[in-house]
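The values are calculated or read from the model by the stated rules, or taken from the named source; none is laboratory data. Note that the structure is a prediction, hence the values are computed from the model and not measured. Every residue, glycine as well, gets a Cβ built from its backbone with ideal geometry; the counts of neighbours run over all protein chains shown.
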Amino acid sequence: MRHPPLPTNSPWQNLVLNNGTAPEYIHPYQLQSANGVISISYPRRAAQAGLISQVFVATLLISSLVPGQHLISSFDDLSVTLQLPGPVTVPLVRGSPYITFIVEGGGINISSAIAPLSVNSNSDNTKHKVALNNGQTWLIYSSAPLSLGNGNGTVLGTAASFRGVIRIALNPADGNASYSAELILDRYNLTYPVSGSADLGTAFRVIYTWVKNGTDPLLLLSHPVHRQILATPPLVHALVPDLTYRSIDGDLVAVVGDSWILQESQINITWHSIGGFNPAGNSEARSRLNASLQQDVANLQPITNPATYYFGKAIARAARLALIGEELGEQAVVAVVQQFLEKYLTPWLNGTFPQNGLFFDPKWGGLVSQNGANDAGADFGLGRYNDHHYHFGYFVYASAVLAKLDAHWGRTFRPQINSIVKDYLTGSSDRSLAPLTRLRNFDLWTLHSWASGLTEFADGRNQESTSEAVNAYYSAALFGLAYGDQYVLNLSSTLAALEIRSAKALWHVPSNSTLYEPDFVNQNRIVGILWANKRDSGLWFGGPEHRDYRLGIHFLPILPITEILFSDLDYAKQLVDWATVNGTAGIEDGWKGFIYGLQGVYDTPGALQQVTSLSTYDDGNSQTNLLWWLYTRPRP
């Protein structure tokens, strides 16, 4: 019998890849499980001008007295549960200020990798305050008496017959606030979450619900993006700012409540420009844009690159020409592009493409390319589930456009297109019913996507191109429009809005940012690669000095929804000024096109003048698309 689909881009992927011993970040702690020992770290933060990272330092060590490696016994939207021999169950719920150990027999050992300065216990040995030589104070709660001390080096205690629940939390505060934080942790330690789900049944709303043991309300932590859209009481209990932990994503502030509602602002998904193009009001614009359209369509070249990413960009580029032609009312041009799309998309969908192809992988429950399955390095690791939303987002965009233009073709290939959409957009949380893993790339707790697939990285999951992630969900929404699928439209529109919000909050670095250290802010206006434990100014394909690459990879492809992603005109100017601080000499025309496109957000006339100097464009862009973008910018 086939097992239910497994995740291929989960935030706890390091716990199962290879031997499962690489550390993983479960906010606010880093954890490592190796040789039957779980090491807990409240990570140290190291910041430089080009790099911010969280450094794992094993601090408290907890192990069963029965040797053996962990297993993953269950997982869901907001948690993963480790099972240690003993048995000891460890439900790792994201954002929990406590790490919970449910000891069901066999005993447990607690030690410290840092020299303890003192251990103070209450009268019944159910609360212990452990002060360490690194300045940290940890609180250890137990449902039954647990004898701890520091008389034997770093071994705090061994309980051969303990049975019950142990909860461990760092006291994050210092000075006068420390006692307040401790009181909060004391107050809520008896009730613990064991799992959590995210309901996406209503457009632009995410409802978190946790399953708990205990009668008190839950104490969990919110990150900054949560708090931008967290519903206010009585739907959600109040924030508890006296308990705040630091994280690489910003402050994690406590919230009391068994369920949260995150209410995102609605965005409208449109085929054409959001504000519309008014040719009657600008005959010069219409003439120039139409001439460019005619030229780009006449110069369409056969798509011969079999790599899924490059094919996807090329076919989506052509599809953009069709929609621009439709917006201009140039139906003859649209018909030419329609035939082009059909010629090159159909072989991928009917399985006759000669140099590559897509097929269902039953092991991991997803679509992969033939080349990617045979070579882990082919198609940028698509066979290892790397970048699925990037590659398939382009396929879905072009397919949705063609389905809009040709209803018969759309009906014929709807099952195949639907399979591509569902590879990264399956919304069902019931793993026994879903043939594909749920939301392959989107992280329902951090509220953005990850791209790195089944590859172990010391710094956890990562994502480079936020704009291509937005494109994936935008394209799926167009699929929903083309086929009248309201469920897909609602789900993908919601994810697109959340991806945009997170990109602005975490990747975009305006000059007044307080999220990152001043040295980093001074040198960066946008993050290159965002990791679970790192902010990197470099890219996979270029070093930090390539500021033009960084601007471009977070701006492409240029679409109607790009207007929402870069709605902050002041930030857009800061980013362009930063990317061109040494001028544009030496920058390739393809990247210049994106610089001028972003300039058009706040200085359309200047950008239009600059575009005249370009002779080539990125393989996913065109002169027509760039002009369309500039001529449809909102006027002040």
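Structure data summary
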{"item": "Per-region count, segment 303-328, residues more than 19 Å from ALA403 (Cβ to Cβ) and either among the β-branched types (Val, Ile, Thr) or without any contact (Cβ under 8 Å) to a residue 40 or more places away in the chain (or both)", "result": "3"}
{"item": "Complete set of residues in segment 34-54 that are outside any strand (DSSP E or B) and within 25 Å of TYR98 (Cα to Cα)", "result": "ASN35, GLY36, TYR42, PRO43"}
{"item": "Selection count, segment 329-361, where residues are part of a helix (DSSP H, G or I), within 31 Å of the chain's Cα centre (by Cα) and of a type in the set (D, E, K, R)", "result": "0"}
{"item": "Unique match (being buried (at least 17 other Cβ atoms within 10 Å of the Cβ), among the acidic types (Asp, Glu) and outside the structural domain of TRP507 (by TED's automatic domain parsing)) among ASP249, ASP242", "result": "ASP249"}
{"item": "Check on ASN522, assigned by TED's automatic domain parsing to the domain that holds GLN599 and part of a loop (DSSP other than H, G, I, E, B)", "result": "no"}
{"item": "Test: residue in segment 77-97 that is within 24 Å of TYR179 (Cα to Cα), part of a strand (DSSP E or B) and in the same structural domain as HIS27 (by TED's automatic domain parsing)", "result": "no"}
{"item": "Meets criteria (within 22 Å of ILE26 (Cβ to Cβ) and out of contact with any strand residue (DSSP E or B) (no Cβ under 6 Å at 6 or more places or on another chain)) for GLY214", "result": "yes"}
{"item": "Selected residue (criterion: farthest from HIS226 (Cα to Cα)) from residues of segment 179-212 that are among the aliphatic types (A, V, I, L, M), assigned by TED's automatic domain parsing to the domain that holds VAL225 and free of Cβ contacts under 8 Å to residues at least 60 places away in the same chain", "result": "VAL211"}
{"item": "Test for PRO23: is it under 23 Å from THR455 (Cβ atoms) and not assigned by TED's automatic domain parsing to the domain that holds GLY164", "result": "no"}
{"item": "Which listed residue is out of contact with any helix residue (DSSP H, G or I) (no Cβ under 6 Å at 6 or more places or on another chain), hydrophobic (A, V, I, L, M, F, W, C) and in the same structural domain as GLN331 (by TED's automatic domain parsing), from PHE395, PHE413, PHE360, PHE380", "result": "PHE360"}
{"item": "So VAL509, is it of a type in the set (A, V, I, L, M, F, W, C), within 18 Å of the chain's Cα centre (by Cα) and buried (at least 19 other Cβ atoms within 10 Å of the Cβ)", "result": "yes"}
{"item": "Helices (runs of 4 or more DSSP H) contained entirely in segment 543-636, each with at least 1 residues that are surrounded by fewer than 16 Cβ atoms within 10 Å (Cβ to Cβ) and either acidic (Asp, Glu) or in the same structural domain as THR494 (by TED's automatic domain parsing) (or both)", "result": "569-579, 589-599, 604-611"}
